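**Student:** Structure in structure tokens, see below.
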Amino acid sequence: MTTSPEQLLEALRWRYATKSFDPERRIDAPTWQSLEQALLLTASSYGLQPWKFLVITDAALRAELRPHSWNQSQITDCSHLVVLLRQRTISSADADRLIEATAGARGIETSVLSGYRTMIQSDLIDGPRSQLIGQWASNQVYIALGNLLTSAALLAVDTCPIEGFSPPDYDRILGLDNDAYQSCVVCACGYRKADDRYASMAKVRYPAADLIEHR
């Protein structure tokens, strides 16, 4: 099934950063599985997928996280809380993992991908960008976040991306201090409360003429 241009724009106009979630409404399993698959299908540089997604539904754990999230009610009231993690480093083992997975998925020998493997090594592992790998990985995670927001809107699921939290405290609570991944950004998913006044507020977007240039 193809989504029409009108349906896409309608979904994007409908979505907003939901401030008040209905704590009684839960996302059904098939819908949530589709959103998890959307995360997995997100594009990433080189296809390296330098991320992990923690889906937190445990009420006690979310209550523990809330004080370290500017006490935002979305943390405890949403249906599914996603903590998007970024990889701390990129190593030769990560490059090898991708090459092996690609060869297996496409039925080819890893030797066919040797040039691609060398490119990853010389850029992200040995090159200047290795010094900025945290920022690079965060950029990839934000692509996944954007994909989640749009996919959720198309399924009429509300979301709220959250940067207002303490990553060190999240890492401590979630047992990530010595992990290969660390907290990057959070997204609350669920259904808006009927009385959330932000739902009816006009979107504030600059004119296309100011932001889009054709050459």
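The values are calculated or read from the model by the stated rules, or taken from the named source; none is laboratory data. Treat the numbers as computed from the prediction; the structure is a model and nothing was measured. Cβ coordinates were reconstructed from backbone atoms using ideal geometry, including for glycine residues, and neighbour counts include every protein chain displayed.
**Student:** Which of the numbered conditions does Thr2 fail, given that it passes all the others? Conditions: (1) outside any helix (DSSP H, G or I); (2) modelled with pLDDT of 95 or more; (3) of a type in the set (Val, Ile, Thr); (4) farther than 30 Å from Ser91 by Cβ.
**Tutor:** (2)
**Student:** Okay, moving on. Any residue that is in contact with a helix residue (DSSP H, G or I) (Cβ under 9 Å, 6 or more places away or on another chain), of a type in the set (Gly, Ala, Ser) and under 21 Å from Tyr181 (Cβ atoms) - is there at least one of those in segment 108-126?
**Tutor:** No, because not a single residue in segment 108-126 is in contact with a helix residue (DSSP H, G or I) (Cβ under 9 Å, 6 or more places away or on another chain), of a type in the set (Gly, Ala, Ser) and under 21 Å from Tyr181 (Cβ atoms).
**Student:** State whether one or more residues within segment 25-48 are at negative phi, modelled with pLDDT of 95 or more and more than 21 Å from the chain's Cα centre (by Cα).
**Tutor:** As a first pass, look at segment 25-48 and keep what is at negative phi: 25-45, 48.
Now narrow it down to the ones that are modelled with pLDDT of 95 or more: 25-45, 48.
From what's left, more than 21 Å from the chain's Cα centre (by Cα): 25.
Yes, segment 25-48 has at least one match.
**Student:** Name every residue in segment 42-80 that is of a type outside the set (D, E, K, R), without any contact (Cβ under 8 Å) to a residue 40 or more places away in the chain and touching a strand residue (DSSP E or B) at 6+ places or on another chain (Cβ under 8 Å), in order of residue number.
**Tutor:** Filtering segment 42-80 for residues of a type outside the set (D, E, K, R) gives 42-51, 53-57, 59-61, 63, 65, 67-76, 78-80.
Retained after the next criterion (residues that are without any contact (Cβ under 8 Å) to a residue 40 or more places away in the chain): 55-57, 59-60, 63, 67, 71.
Residues satisfying the conditions are Val55, Ile56, Thr57.
**Student:** Among the residues of segment 162-173, count how many are more than 17 Å from Gln72 (Cβ to Cβ) and either in contact (Cβ under 8 Å) with a residue 60 or more places away in the chain or surrounded by fewer than 15 Cβ atoms within 10 Å (Cβ to Cβ) (or both). Show your work before the answer.
**Tutor:** Pass one, segment 162-173, residues more than 17 Å from Gln72 (Cβ to Cβ): 168, 171-172.
Going one step further and asking which of them are either in contact (Cβ under 8 Å) with a residue 60 or more places away in the chain or surrounded by fewer than 15 Cβ atoms within 10 Å (Cβ to Cβ) (or both), we end up with 168, 172.
Total satisfying the criteria: 2.
**Student:** Determine the pairs where a residue that is assigned to a loop (DSSP other than H, G, I, E, B), located within segment 85-97, has a partner that is small (Gly, Ala, Ser) with Cβ atoms under 8 Å apart, the partner being 6 or more residues away or on another chain.
**Tutor:** Arg88/Gly134; Arg88/Ala137; Arg88/Ala180; Thr89/Ala180; Ile90/Ser130; Ile90/Ala137
**Student:** Run down Ser183, Ser138 and say which single residue is under 28 Å from Ala101 (Cα atoms), surrounded by 15 or more Cβ atoms within 10 Å (Cβ to Cβ) and in contact with a helix residue (DSSP H, G or I) (Cβ under 6 Å, 6 or more places away or on another chain).
**Tutor:** Matching residue, one of Ser183, Ser138: Ser183.
Rundown of residues vs (1) out of contact with any strand residue (DSSP E or B) (no Cβ under 8 Å at 6 or more places or on another chain); (2) of a type in the set (Lys, Arg); (3) in contact (Cβ under 8 Å) with a residue 24 or more places away in the chain; (4) outside any helix (DSSP H, G or I), yes/no style:
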| residue | (1), (2), (3), (4) |
| --- | --- |
| Val112 | yes, no, no, no |
| Ser130 | yes, no, yes, no |
| Cys160 | no, no, yes, yes |
| Asp177 | yes, no, no, yes |
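**Student:** Of the residues that make up segment 48-58, is at least one among the charged types (D, E, K, R) and part of a helix (DSSP H, G or I)?
**Tutor:** No, segment 48-58 contains no residue that is among the charged types (D, E, K, R) and part of a helix (DSSP H, G or I).
**Student:** Cβ contacts < 9 Å: first residue within 26 Å of Ser73 (Cβ to Cβ), restricted to segment 22-41; second residue part of a helix (DSSP H, G or I) and of a type in the set (Asp, Glu), any location; separation 6+ or different chain. Result?
**Tutor:** Asp22/Asp77; Pro23/Asp77
**Student:** Of (1) within 26 Å of Cys78 (Cα to Cα); (2) in contact (Cβ under 8 Å) with a residue 12 or more places away in the chain, Ser200 satisfies all except one. Which?
**Tutor:** (2) is the only condition that Ser200 fails.
For (1) surrounded by fewer than 16 Cβ atoms within 10 Å (Cβ to Cβ); (2) of a type in the set (S, T, N, Q), each residue gets a yes or a no:
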position: Leu9; (1), (2): yes, no
position: Arg15; (1), (2): no, no
position: Ser20; (1), (2): no, yes
position: Arg26; (1), (2): yes, no
position: Ala43; (1), (2): yes, no
